[in-house]
Amino acid sequence: MTKSIFSLKRLLAYAVISLFLLSALVLGFYAYLIMTLPDLEALQHYEPNLVTRVYSDDGSMIGEFYIERRVVVPIEQIPDHLIKAFLAAEDAEFYQHEGISYVGIMRAFYKNLSAGKIVQGASTITQQVARGFFRSPEKKILRKIKEMILARRIEKRLNKQEILSLYLNQIYLGKGSYGVQAASQAYFDKNVEDLDLAEAALMAGLPKAPSRYSPYINFLLSKKRQEFILQRMVEERFITSNQADFAKAEKIVLRPNITKSLWVGPYFTEHIRRYIEDIYGDDMLYKGGLNIYTTLNVGLQKAANEAVAKGLRDFDRRRGYRGAIRTITDPDELAAYIEKLTAERKKKSPVAETVLEGVITDINTKTGRIRVNLGGLEGVMTKRGYRWARRYNPDGKPEGVRLASAIKAFHIGDVINVKVLHDTVETPIPVSLYQAPLVQASLLAIDQATGYIKAMVGGGDFSKSEYNRAIQAKRQPGSAFKPIIYSAAFDKGFTPATVIMDTPIVFEDSDNALQWRPRNYDQRFGGPTTVREALAKSRNVVTIKILKKIGINYCINYAKKLGITTPMTKDLSLALGSSAVTLYDLTSVFSVFANNGKKSESLFITKIIDKDGVVIEDNAPSSTEVISPQTAYLMTKMLEGVIEHGTGWRAKSLGRPAAGKTGTTNGLNDAWFLGYVPSLTTGVWVGYDNERKLGRHETGSRAALPIWVSFMKAATKGKPVNEFKAPEGVEFARIDAETGELATPYTKNSIFEVFKTGTAPTKHSGPEIVIEDEDMPLRDDSAAPLDNGNTAAE
């Protein structure tokens, strides 16, 4: 008996010790879990990842940056029927439990046991908030335990409305949308407060499996899920049966939120992205919910996109057809290729302007029609759609050969790209030959009065190259640099009527036995030439003589004052644009001439507002006078002459006062046109990234100016025609256009010329030639060029 009692006591002791150890283990495990849980203080002040949005000058959205596409709205803005739809779908006992629904756990256990598989979960909305906040790679059971503990703690710290607000703004609902506001826009193009009951029920069905129940992917399954939720709302007495029936019968109309202005200016928006990243950091850019208001004008940007695309296409066609992508001659290979195309295309009728790949299956030399298999669809090209291919250039050289007939450039089995001409459901589909241009272009438009960048194109295709040639590329400007030389000369006493001898000139370097003999683009010399004529006809020799007279160092400092930021060569080739510049800088220089000598600070961003509505950056227009209004006006009148009587003649088609200058480098590697009207300054550059030759006759006038004209016609359409206003301090005089002196009644070629007050000619005799012919030393206050002395053309 005593032995039995002793055994019992020992057994009881073991039990107590075991219980103690087990309790200690459980408490220790619980303590460990508590220690590894996130701080609820952070949850209470939780700031979700928000979308940073970029807007144009009229408030249109042109860009978004985010990790999670979320727009937070206050719980008061979310309609009651949407909240009840989510409760019916996810957690009907939400207002009764304290974070964990034991009834829900038992119900789910019973249903899963009956089904023999997992068919229902038991997570409450609070647990889902905990899961979203506490993202852990741990195993499911351990994570589930932590979720339950955290859910209880959340319920003690936050009230039900705060928990709902976190949930409805955090939950992922498909189509890249986080939260009910972003989802409302993605599915219905509405704000969340405008959703009706049918739409709310459909959206409440998404959290379970956003892709599976997406109405865009499986509408019938999504509709079935919506009807189930409406029925659950009836069961929970959130709505009546009549309301549910009415909502079930309602036709769901999906309206994806398509912002037509989004990414209209990808190079501009990328420039904004880089700025925000540099100044404010990645977190602020991708998570901070900034609202960035910019200077871009959507209409002008679209016009710029179209002008550049057309200019590049026209240039590419002038260089010729580079031939088929490849040619398939083997019948089995051809059949396999067509089968692959068909599988990719899925017989969908393509829309206008779509570029498709296909294979030529028939060439009718009599009618000129070419049939192209597009993969289950047939396209047809008429002569009009491919006649430009008569210039055949399979090697991609600056010049191609001219075929007797364009149709000879094609063969059955040729794999080519075509562009759909217009929307149609009929076959054959009308198409034209398409060839992606290899050449690049950039365009920059500035409102000279404010410095606002209104449009920017940095290349032919942002999806292929994000390199921004408007800002990043440094290229030789050729004669587009000359207005800087002439403006500097006006501030040194020259006038538009000053005469310079356009005659051969030789620069000697006796030390190295070298000579430099600069030439004009047309290889001719004009003799006595006024400054006006020299700029209009882009005379190289005259410009060199002017630079020699006013001084290289003076001119370099002058160029910096106007806005050139890149290094400049300290030799006379500077007159011919031998120093590489950016389009951004050179366009800014021309905007000074357009703005009466004032340099406006270039602005891309007007204002940045953070998620709390605080303005963290506010940029107002500012300007500084860098040259006199008189000098600027003289340059404007001179540059008008370039358009009226010189290399910029194509700009006359604009039909309004305009001023500008062409630029072409000696090797035809770069083509430029910079010009302006009283309200807008625009620069255009065309060239290859590898600086290869553009081809014969591809000057600034032919390659770049048409892009400028196309853009400026759209930019000025419907706007009043304004003249450039003359400032005080200038005077006009009728002069002999050839001699630069006052005209007489017998002068055959007279013009009204502009002068700074007091500088007009006073006599009618022959011209005063200020720069005579002379042999000039190769080295003066700085070196003359040795390797690029003939740089510059137009």
Within a Cβ distance under 13 Å of Lys408, other residues only, what is the Lys/Arg minus Asp/Glu net charge? +4
If you put +1 on each Lys and Arg Cβ and -1 on each Asp and Glu Cβ, how big is the dipole of the chain around its Cα centre, in Debye rounded to 20? 2740
Run the accessible area of the chain with a 1.4 Å probe and give the carbon-and-sulfur part as a rounded percent. 53
Using 1/(1 + (r/R0)^6) with R0 = 41 angstrom and r between the beta carbons of Lys302 and Ala580, what's the FRET efficiency to the nearest 0.05? 0.85
Net charge (Lys, Arg +1; Asp, Glu -1) of residues whose beta-carbon lies under 14 Å from that of Thr295, Thr295 excluded, is -4
Kindly express, to the nearest 10 degrees and within the range 0 to 90, the angle between helix 266-280's C-alpha long axis and the longest C-alpha principal axis of the chain. 70
I'd like to check one number: the per residue accessible area of the chain, probe 1.4 Å, reported in Å² as a whole number. 47
³J(HN,Hα) across region 673-687 via Karplus (A = 6.51, B = -1.76, C = 1.60, θ = phi - 60°), whole Hz, x for Gly/Pro? 8, 10, x, 7, 10, x, 10, 7, 10, 9, x, 9, 10, 9, x
Listed by chain and number, the residues whose amide H is under 5 Å from that of Asp189, excluding neighbours fewer than 5 places away on the same chain and using placed H, are Arg255, Asn257
Apply the Karplus parameterisation 6.51 cos²θ - 1.76 cosθ + 1.60, with θ equal to phi minus 60°, to every residue of region 479-487 and state each ³J(HN,Hα) to the nearest whole Hz, in sequence, with x for glycine and proline. 6, 5, 7, 4, x, 5, 4, 5, 4
By how many degrees, 0 to 90 and rounded to 10, does the Cα axis of helix 540-550 deviate from the longest principal axis of the chain? 90
Name the aspartates and glutamates eligible as straight-distance cross-link partners of Lys537: C-alpha to C-alpha under 13 Å, and not fewer than 8 places from it in the same chain. Asp502, Asp522, Glu640, Glu644, Glu794
Cβ-placed point charges (K, R +1; D, E -1), dipole of region 294-397 about Cα centre in debye, nearest 20: 620
Karplus-derived 3J(HN,Hα) from phi for region 225-236 (6.51 cos²θ - 1.76 cosθ + 1.60, θ = phi - 60°), whole Hz, x at Gly and Pro, runs 5, 4, 5, 4, 5, 4, 5, 5, 5, 5, 4, 8
If DNA, RNA and ligands are ignored and the probe is 1.4 Å, what is the ranking of Arg402, Arg532, Arg255 by accessible area, most exposed first? Arg402, Arg255, Arg532
Full extension between Arg696 and Asp461 adds, at 0.36 nm per residue less the Cα distance, a length in nm of 82.1 nm
Amide H of Gly551 versus every other amide H placed in the peptide plane: which residues, excluding those fewer than 5 positions away on the same chain, fall under 5 Å? none
Return the FRET efficiency for the residue pair Thr382, Arg524: r is the Cβ-Cβ distance, R0 is 35 Å, and the value is rounded to the nearest 0.05. 0.20
Straight-line reach only, C-alpha to C-alpha below 12 angstrom: list the aspartates and glutamates that Lys561 could link to, leaving out same-chain residues fewer than 8 apart. Asp585, Glu625
From largest to smallest, what semi-axes in whole angstrom does the chain give when each is the square root of 5 times an eigenvalue of its alpha carbon gyration tensor? 70, 35, 26
Which lysines, if any, have their Cα less than 26 Å from the Cα of Lys224, not counting same-chain residues under 8 positions apart? Lys84, Lys111, Lys117, Lys175, Lys190, Lys208, Lys248, Lys251
Divide by every residue of the chain the summed helix terms, -39500 (n - 2.57) for each DSSP H run of at least 4, and state the resulting mean residue ellipticity at 222 nm, rounded to the nearest 500 deg cm²/dmol. -11000 deg cm²/dmol
Averaging sequence separations of C-alpha pairs under 8 Å and six or more residues apart, then dividing by the length of region 335-379, give the relative contact order as a whole percent. 45
Spatial separation of Cα centroids for region 49-81 and region 311-349, in angstrom: 41
Extension length gain for Lys492 and Gln161 (0.36 nm per residue less Cα distance), in nm, is 111.6 nm
For Ile325 and Val401, calculate 0.36 nm times their separation in residues minus their Cα-Cα distance, and state this gained length in nm to one decimal. 25.5 nm
Cβ under 14 Å from Thr747's Cβ, Thr747 left aside: what net charge do those residues give with Lys, Arg +1 and Asp, Glu -1? -1
If you find the alpha carbon centre of region 482-504 and of region 687-756, how far apart are they in angstrom? 16
Is there a pair in Lys607/Lys719; Lys156/Lys611; Lys260/Lys310; Lys599/Lys693; Lys310/Lys652; Lys474/Lys570 whose C-alpha atoms are over 26 Å apart, and which pairs would that be? Lys607/Lys719; Lys156/Lys611; Lys599/Lys693
Can you tell which of Ala659, Gln185, Asn291 lies farthest toward the positive end of the dipole of the chain, using +1 and -1 charges on the Cβ of basic and acidic side chains (Lys, Arg; Asp, Glu)? Gln185
So which of Lys482/Lys637; Lys302/Lys464; Lys482/Lys717; Lys366/Lys419 end up more than 21 Å apart, counting from Cα to Cα? Lys482/Lys717; Lys366/Lys419
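The values are calculated or read from the model by the stated rules, or taken from the named source; none is laboratory data. Just so it is clear, the model here is predicted, and its values are computed rather than measured. Positions of Cβ are backbone-derived with ideal geometry, glycine not excepted, and every protein chain shown enters the neighbour counts. Heavy atoms of the whole protein, side chains included, go into the accessibility calculation; ligands, DNA and RNA do not. Shrake-Rupley method; radii C 1.70, N 1.55, O 1.52, S 1.80 Å.
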